[in-house]
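Taken together, the values in this text are just the output of simple stated rules run on the coordinates, not laboratory data. This structure is a prediction, so every number in the text was calculated from the model and none was measured. Cβ placement follows ideal geometry from the backbone for every residue including glycine, while neighbour counts extend to all protein chains displayed.
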Amino acid sequence: MGTDGVASDRVENASVAPRKRKRLGFWQELPLLIALAVVLAVLIKTFAFQAFVIPSASMESTIMTWDRVMTNKLVYDFRDPHRGEVVVFKRTGGWPELSKPTMPTNPVKRAFKRFGQFVGLAPSGTDFIKRVVGLPGDVVSCCDASDHFLINGQPLDETAYTQGVNTTSSLRLSFTSVTVPKGQLLVMGDNRGDSRDGREFGTIPIDSVVGRAVLVMWPASHWKGLRVPTAVEKFSAPATSALPVAGGLGLVFPIALVRSRRRGRLVRAS
């Protein structure tokens, strides 16, 4: 009887033993990994960082034609742009329509081109990149004896990024003076002799800014950070520390909520 009891226990224990989960093979896991990568890429691009390709010479020699830059899309959810920062923004107001890239008729090539635009390997045809010169309330005028812009009557030394060449006073645009309205920015290209910008098209709403360009990431020989020169920082508003950027989905959704509330306040204020 004791022997039967032991055998019975063994049978009963065997019946409740957990089964080992069958591990998926590589080819079964691959579609899931690709889907996860796409979702994360969309979330990062939408809320955190985005790459852009620069198809023009308007920012040379800070950013060369066809350079790729990385843009921080979070920073301006916590503060407004500072003078001297390079920003990417959507077309607005009197700014001209950009010539949109032609799309291939072949559906495969078209898909690859759209993917290239998505990840910043091809120009989108809808975004501009310039440097912030005038902040809300500034009176920006041209120019002193050294051809420097005057910000509220004080000369702004931009030689660190214009390479000492500021052709504004001789431009056909005859730019003289502008008072930057509340909620707006005056932006210009670093290549002042070959940039159509705020001198011609006027100011842009802060709300049109996509993010701050922080890094030239490609080609590798052009790699550098896009910092604000010391000579320009003295004109900037006191820096407001943005919250540290942490990876993961836990950060994305609170940021989305902040963005939504901020947009709502802007709409109501208008």
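Annotations for the structure displayed:
- Couplings for segment 77-89, taken from phi via the Karplus curve 6.51 cos²θ - 1.76 cosθ + 1.60 with θ = phi - 60°, read 7, 10, 7, 8, x, 9, 4, x, 7, 8, 10, 9, 9 Hz in order; Gly and Pro are left as x.
- Estimated distance in nm for a label pair at THR230 and LEU215, the labels positioned 7 Å out from Cα along Cα-to-Cβ: 2.5 nm
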